[in-house]
Amino acid sequence: MAKANGVQNHPLYGVHPAVAMVQKWKSELEARTGKSLEGWIALVKREGPTEEEARREWLKAKHKLPTNTASWIAERAAGKGGEEDNPESYLKAAVQYVDEQYGGAKAPLRPIYDTLLQMGRALGKDVQACPRRTIVPLYRKHVFAQIKPATNARIDLGFALAKHKGKLPARLLDTGGLAKKDRITHRIELRSVSEIDEQVKQWLKTAYDLDA
């Protein structure tokens with residue numbers, strides 16, 4: 001596999017935007033708070049409570065840290081969250097995320113996922129699949145679709161269709177995303193590979209085009 005910017009590419013997955021956000025946060029933390037991430041972790045372990053939630057509240061109350069910053073530090077102090085610290089660790093975790101999503105009772109859904117992933121990536125070279133723990137979002141400029149194992153027997157293929165003008169078929173179920181200002185506004189339920197028909201392909205392509 002080729003390398004891009006020194007990072008070993010994965011044949012299926014791209015680096016989630018959250019990784020760049022975490023790297024930026026880490027690089028700016030000392031300037032904003034007076035301590036590096038390592039310094040905060042050492043302080044928490046030395047002087048703070050033992051439970052993660054209590055540590056977060058302690059960082060907020062005693063050290064006046066914002067909620068997100070306190071949560072990140074408490075999580076890192078508990079030995080969690082490091083998979084987003086750099087592209088290499090994220091890509092390694094991404095494969096595990098997908099394997100866990102489609103393990104056990106959900107293993108029969110894996111062929112549906114694999115077919116949808118291939119279909120999404122085939123839309124253009126600018127498509128990136130960036131797995132999270134429970135879903136796999138598909139990005140162009142933004143998330144335009146997501147693949148989610150909703151139950152042991154069903155995958156929900158979600159679409160970002162807020163910009164779509166016109167009537168939608170009954171098969172496209174409203175997620176409530178538009179009202180909640182979520183990217184994913186509609187979904188199609190899929191229980192077998194045979195249900196991935198031309199209509200599914202059409203709406204995946206529509207969502208991709210809307211994110212041009």
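The values are calculated or read from the model by the stated rules, or taken from the named source; none is laboratory data. Being a predicted model, the structure only gives us computed values, none of them experimental. Cβ placement follows ideal geometry from the backbone for every residue including glycine, while neighbour counts extend to all protein chains displayed.
Among the residues in segment 103-124, are any modelled with pLDDT of 95 or more and in contact with a Gly (Cβ under 6 Å, 6 or more places away or on another chain)? Spell out the reasoning first.
Within segment 103-124, the subset modelled with pLDDT of 95 or more is 103-124.
If we keep only those that are in contact with a Gly (Cβ under 6 Å, 6 or more places away or on another chain) too, we end up with none.
Within segment 103-124, not a single residue is modelled with pLDDT of 95 or more and in contact with a Gly (Cβ under 6 Å, 6 or more places away or on another chain).
Take segment 164-212 and flag every residue that is part of a loop (DSSP other than H, G, I, E, B) and under 19 Å from residue 122 (Cα atoms).
Residues of segment 164-212 that are part of a loop (DSSP other than H, G, I, E, B), as a first pass: 164-172, 175-176, 181-185, 191-192, 196-197, 211-212.
Within segment 164-212, 196, 197, 211, 212 meet the criteria.
Only one of 174, 182 is surrounded by fewer than 16 Cβ atoms within 10 Å (Cβ to Cβ), farther than 20 Å from residue 95 by Cα, of a type in the set (Asp, Glu) and free of Cβ contacts under 8 Å to residues at least 12 places away in the same chain; which? Only one candidate qualifies: 182. Of all the numbered requirements in (1) closer than 30 Å to residue 151 by Cα; (2) at pLDDT below 95, residue 85 misses one, and that requirement is (1).
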